[in-house]
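Values in this text are rule-based calculations from the coordinates and carry no lab data. Quick caveat: nothing in here was measured; it's all calculated off a predicted structure. A quick note on method: Cβ atoms are made from the backbone with ideal geometry, for glycine too, and the neighbour counts reach across all protein chains shown.
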């Protein structure tokens, strides 16, 4: 039995569901928010050329099926909107459209996830131009064509399940952020 095909969370929103039993995971996500902020500021900084695409494409790898995905995706979109609003005096100010890819194993309860996200991100008070996509599959294999994404996020999945540092990412000088205590050892 292949591990990548059997690990999944309890679906739905009942008493034993992942959605109602993922407080520890939210705490980990909250601890990493300064890294998300730092990365987004770097993406949008004038020193790095700014961000000029009309559509920002991002993925939550190992998104699960509950409110933690809503929390982090909302946080990222709000942070981007704040960064764009600070550039209002700039001639290149615009709020990009968003393509949000939600990746998890095929057994993930994507229906529950879309119910949460559509009501909040698309039909909420901000009326964002946000397009949501479910992307079932393992991040052990390639999920996207080259140069597809602007921002990739994973809070708990990658660090729980990777057995080693991905090839080419051994150097801490790459554009990838991980908390020192959680970097897997070879």
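Neighbour counts of C-beta atoms inside 10 Å place 130, 63 in the sequence 130, 63, starting with the fewest. Projecting label points 7 angstrom from Cα along Cα→Cβ for residue 28 and residue 94 puts them 3.8 nm apart.
Cβ crowding within 10 Å ranks 99, 81, 31, 47 as 47, 31, 81, 99, fewest other Cβ atoms first. Ordered by the number of other Cβ atoms lying within 10 Å of each residue's own Cβ, fewest first, 29, 73 fall into the sequence 29, 73. One decimal place: the segment residue 53-residue 119 gains 21.2 nm when fully extended, by the rule 0.36 nm per residue minus the C-alpha distance.
With both labels modelled 7 Å from their Cα along Cα-to-Cβ, the residue 111 to residue 78 distance reads 3.0 nm.
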